[in-house]
Amino acid sequence: MDELKEQNEEQLLGLLKDAISPIAERARASSEQLRTQCVDAESMLRLCDVLGDIKYTPGLRKCAGNTLRQRLMQQQAWQELQPQLPAAQSRLMTALKSLRSDDDEALQLAVVQNVAQLMQLQLDNDVREWNEQLFELLAAHCKLAEQQLLSLSLLKLLLSSAPKLCEQYLPQMQRILLQGVQQSCNEATPLSELLLSAWSLAIPLYSKQCAHCLEQLSASVCPIVQLTRVFAREPHPRRSCRGLQTLQKLLKHAPEQVWPQLPLLLNELCQLSGDVYLSDELRTQALLTLKSCVQSRRRQIIRLKLMDRLLMTLHQLLAVPPALSSAGEELYFGSTRSALAEATQILIHIASESNTARVAERALRLMQPQLASQRTALQRLAALLFLALMTQGFSDMLPAKPLQGFIATLATGFADEERVVRRAAHFALSIMAECLQPEITKQAAQLMPLFTQYIDQLSDEQRRSDIEPSTQTRMFCTLEIYCESLQPHLLQPYAADLMQRLLKLCQPGDNSPSLRQMAFSAIECVAKILKSDFVAYFDRTLELALLLIKDSSDDDYLLLRSNAVQIINALSAVDGDKFKQQAPQLLAHCMELRQHEEGQLLTYKTMGLICEQIPEQLTPHFAVLVKEACGTIKELLAMPKKADSDADEDAAEQTESAADDDDDDDDDDEEDEAEELTEERHGDQTDNETEGSSLSSMEGSSVDYADGAREAILCLKQLAQHMPDALLPQLMEAERRVTSAAARLEESGKCAVFETLTQFVVLYARQRDMAHAKRKCQEMLPQLINFMRNAKDMEHVVVGYDCLKQLLQLLKAQALAGAGARQLLFGLLRRTLRRGLPCQFNASAELDMEALQHCSQALLEDQLVLQRCCELLPIFGACMSAHQFADHLQLVRNRVLKFLHQSKSSSSSSSLLYYNLLWRCMPALGALAAEYQELLAQLVAACATDAQPAAREFAWQLADWLLQHWASQHAAATLPHLERACSSALLPAAPLSAAERACVCGLSARLMLRDNLLQPALHLDKLLALLFTQLPLAEQCVHYTPLLQALLLLQQQQPQLLQQYAQRCAQLFAAPAHLPPAEATRAAAAQLLIQLTSVAT
């Protein structure tokens, strides 16, 4: 028996040796024999012996360990081992004890995996005794200096190879790790590195543990933070980040255990992030950890008074010389993951999640001393960048006081003696001018001088050569952006100083071509905004522009000539008469310029404007112009598509139906957003024709070909509008080209397509081709509506509404005869009224921005969108039956009621738009308008005593309309509102003028005439008292007529009420010189006095 056992042992050893043989065939055959044979309990015990016997080579022991692990994973082998289980446990324990710290990790892993497998099998059978003994062994060895490293290595291997098993023994493992980390947290040794690695593996296992176990984990935070500090100084990048990686695991899986130590953690992270002697990778990791803290515990950081420390750390990280791109442009915030890039993200996050006013004030308090500091220029540069980043994150409008502080810091930066600081101030201004809209428009008095200051600071060398192209481009682009955001009356006071400098920069010889181009572009922007107020600069600007257009020999100046043409286009809106005088000369120059390669693209808009002024002189060139415009559109279609932009366009072109359910209630805007979406793709309508004449040259053009195609389309619109008879022979071809271009153009180009096609429909209708006009309108209407629903530019939506207005007025109900067209259009109207279009400002901020509507051009355009919508709705109602329109208007009524209840001011521009909208819709309702009588009366009462004259004027005009269209069945509900309006308006404190009070007296009298004075609904005694306080009215006042009629009726039906005013009436009406000359009015006065006298006697 012993001899047989010995033979089996030798056979097993032989197979193990052959399995690790370098001879592949022998190794394969032996491995197969080990897999199929030696599956009995004795063989497994022998494998345990080999694994734990140090006399064998590590390779042999590892082979034995791998073979044993495969056996233990088989259920049949495990069952056979059960009788010998104590022996197997003993021998695996021996194998574990046989390991040394210098054994290779693969051998240690082989032992640990087998131990873990046996532990798991024991655990499955609810037997824990041997498992507990193993952890006691590891804990005991960890207390021995010579065994600590090995024990922690084994523990780490156990965590990595059997995490589910370790999850059952976390308390035991936690004690071992805590003991080790508390003993070795003062230096970076292999032992402390092992501890951090083990903690990193153990921490994720706590996510499913009980609260008590998690609380015990909190004891590890402080030692891990200390180890993080120690390892940060290690030269090896991987070792230096070990502590931070462990902290990140803690924050991810057990954050609540970290927050009690937040001050310690935050101070350490700030110190590591700001230490310039540490690697950028480590500082980046520290900032990523810091970002996690800020995202989760921003409020706690503020309560702990640590936010200032954090912000100053971020400021310090910005205080570095900016990197330069290949084009020489400053990369202030970094383009890849770096400490600088992460710092900017944290700062933006803090600004976006904080109260805008408070965080702005905090930023100013911290940065103003830095801007005043003369220690280094980088500190001042960082302060400017810090404030600029803040503005990128603000989620609300910045109040006036901190806004003024931000602008003041820019002024300080512009005046700095260091060039690097001034350039940072230029960059900060470019961000603030865009991110602080619309509130920054109120700071024109502080900002506009900064632009002129920048121009004054340009040296002769900077002006003549392209030394700082990126800074110059940035500043002039910012100038245009800011000017475009201002309403004309705000820009006009600064136009003289600005134009003086811009015209100087346009001079050849003294300025580089790029600087001249930017100056011309800025002049064009100013001219577009000021329009007629730009007339003082018309002649000088035109002179400079014509000089460039004449100089058409040098292709290098093409971009300059392009700007010159655009300036001439802008001048057409400045002074039409002057432009008409210059039109023949301009036509000659344009025809000469169009002989050059790209001249056609530059001059389409100018040719359209010339067509408007002198169409007869354009006649000889008309056919060529139309042919060239259609050819330009064909060239666009022949150019290869850009894959990315086309994908975006396809996504934007997915049509979504505006079909709102008729029973949808506008009281809940969230429900309104759940509108039915109808997907419909407008396929590529381009044809395959190509004109090879200029395609290849245009692909590399400095002029955007899509822009040229857009101008060609708008030129066709002008021709259709001002030379319709000449265009008729080519109208079908022009229509086909314009229609096919829509799929290849961006938003502005699509807008031009719809403008032009609308004009074509008008032209068809004027030619009595109503069938074609109707068909084209019905084809275009859904596309136009869907375009407006997705448009990002408010100007394009305004143009779209103008097109819809033309089509509906022209074709009326026929325009909406297409399937679903009526619902689609009404959906657009409702969405606009809800401010649900992408280009509209958020409704929640609308009331706060009311004061800015006199400054911000964007807000003015926003109101223009609403205004166009309100103008279209009554026209829309006239295209259907009264009952159909009443169903639609019911939903708009809910919107008006909601606004009436929420609005703090009845005189806000939006309020008046909504109220006027409802009133304008009444004629389309016919007899059904009576149902709205009470609501309209409520609007009168809401606006009657408003501080704004426009609101009061609306109230009295609406009251007059109501009295003219009186519906007696609704009188009981309507009279109280109108009486309240009149009574409050006649009080001494009401802000009404004498003329308004006279008007209210007349309306009050007409109201009395509408009432049944025998059983009055009005409070006649109160109303009479207020009326007599307003008398006498102005001489010859027309409101005396209804007043006398009402008093006469009252004397007949309620004489006792008027008796107390008999003497007052005698004084007023006995000498009727001041009464209107109408005989009926004077007769009524005489009759009233007679009746009062007869009653008195």
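No lab work stands behind these numbers, since they all come straight from the coordinates. None of these values were measured; they are calculated from a predicted model. Heads up, the Cβs are rebuilt from the backbone with ideal geometry, glycines too, and the neighbour counts pull from every protein chain shown.
Please work out whether segment 30-177 counts as rounded, prolate or oblate from its C-alpha gyration tensor, where a ≥ b ≥ c are the square roots of the eigenvalues and a/c under 1.5 means rounded, while otherwise a/b larger than b/c means prolate and anything else oblate?
oblate
Tell me, what is the percent relative contact order of the chain, built from C-alpha pairs under 8 Å that lie six or more residues apart?
Dividing the mean separation by the residue count of the chain yields 4 percent.
Can you pull out the chymotrypsin sites (Phe, Trp or Tyr not before Pro) in segment 187-264 that DSSP calls coil and that have at most 12 other Cβ atoms within 10 Å?
none
Sorted by mean Cβ packing within 10 Å, highest first, what order do the peptides 786-797, 763-774 take?
Ranking, from highest mean packing down: 786-797, 763-774.
How far is helix 622-638 tilted off the main Cα axis of the chain, in degrees rounded to 10, range 0 to 90?
20 degrees
With a cut-off of at most 15 other beta carbons within 10 Å, and DSSP calling the residue loop, which trypsin sites (Lys or Arg not before Pro) in segment 482-544 qualify? Please list them.
Passing both the DSSP loop test and the Cβ count: no residue.
Which entries in the list Lys792/Lys812; Lys531/Lys805; Lys550/Lys605; Lys528/Lys634; Lys305/Lys401; Lys550/Lys580 go over 21 Å, if you measure between the two C-alpha atoms of each?
Those over the limit are Lys792/Lys812; Lys531/Lys805; Lys528/Lys634; Lys305/Lys401.
Evaluate Rg over Rh across segment 1031-1097, taking Cα atoms for both radii and Kirkwood's formula for Rh.
0.94
How large is the helix-only mean residue ellipticity at 222 nm for the chain, computed as the sum of -39500 (n - 2.57) over DSSP H runs with n ≥ 4, divided by its residue count, in deg cm²/dmol to the nearest 500?
That calculation yields -22500 deg cm²/dmol at 222 nm.
Which angle between 0 and 90 degrees, to the nearest 10, do you get for helix 909-920 versus the longest principal axis of the chain when only C-alpha atoms count?
Roughly 60 degrees, rounded to the nearest 10.
With 10 Å bins from zero, work out the P(r) of segment 141-286 over every alpha carbon pair and list the percent per bin.
Reading upward from the zero bin: 12, 44, 34, 10, 0.
What ³J(HN,Hα) values, in whole Hz, does the Karplus curve 6.51 cos²θ - 1.76 cosθ + 1.60 give for segment 721-732 when θ = phi - 60°, with x put for Gly and Pro?
My calculation for segment 721-732 gives 7, 10, 9, x, 5, 5, 7, 3, x, 10, 5, 4 Hz in order.
Against the longest alpha carbon principal axis of the chain, how many degrees, from 0 to 90 and to the nearest 10, is the axis of helix 747-766 turned?
Roughly 30 degrees between the two axes.
Which whole-number value in Å³ per residue fits the convex hull of the alpha carbons of segment 779-897?
Measuring per residue, one finds 98 Å³ for the Cα hull of segment 779-897.
With the contact rule set at Cα under 8 Å and sequence spacing of 6 or more, what percent relative contact order holds for segment 881-1007?
Computed over segment 881-1007, the figure is 23 percent.
For a protection proxy built on the mean count of beta-carbon atoms within 10 angstrom, sort 81-91, 278-288 highest first, please.
Final packing ranking: 278-288, 81-91.
Under 5 Å between amide hydrogens, which residues at least 5 positions from Ala323 or on another chain qualify, with H placed 1.01 Å from N in the peptide plane?
Excluding prolines and chain starts, which carry no amide H, the hits are Leu331.
Using amide H atoms built in the peptide plane, which far-off residues or other-chain residues are under 5 Å from Leu486 H to H?
Here Gln857 satisfy the definition.
Pop a pseudo-label 7 angstrom from the Cα along the beta-carbon direction at both Ala408 and Gln133 and give the gap in nm to one decimal.
Label-label distance for Ala408 and Gln133, simple model: 7.9 nm.
Which distance in nm do the two modelled labels at Arg239 and Asp802 give, with both placed 7 Å along the Cα-to-Cβ direction?
7.3 nm
Mind listing the phi-derived Karplus ³J(HN,Hα) values for segment 360-369, rounded to whole Hz, using 6.51, -1.76 and 1.60 with θ = phi - 60°, and x for any glycine or proline?
Result, rounded to whole Hz: 5, 5, 4, 4, 5, 4, 7, 8, 4, x.
Can you return the lysines within cross-link range of Lys164? Criterion is Cα-Cα under 18 Å, with same-chain partners fewer than 8 residues away left out.
Lys156, Lys208, Lys249
Taking the Cβ of each residue in His315, His596 as the centre, tally the other Cβ atoms inside 10 Å and list the residues starting with the fewest.
Arranged by neighbour count, lowest to highest, His315, His596 become His596, His315.
Apply the Karplus parameterisation 6.51 cos²θ - 1.76 cosθ + 1.60, with θ equal to phi minus 60°, to every residue of segment 579-591 and state each ³J(HN,Hα) to the nearest whole Hz, in sequence, with x for glycine and proline.
These are the phi-based 3J(HN,Hα) values: 5, 5, 5, 8, 4, x, 5, 5, 4, 5, 5, 5, 5 Hz.
Taking Rh as the Kirkwood radius computed over C-alpha pairs, what is the Stokes-Einstein D of segment 338-467 at 37 °C in a medium of viscosity 0.692 mPa s, expressed in µm² per second?
217 µm²/s
What fraction of the Cα pairs in segment 914-1021, stated in percent, has a spacing above 19 angstrom?
For segment 914-1021, the share of Cα pairs beyond 19 Å comes to 39 percent.
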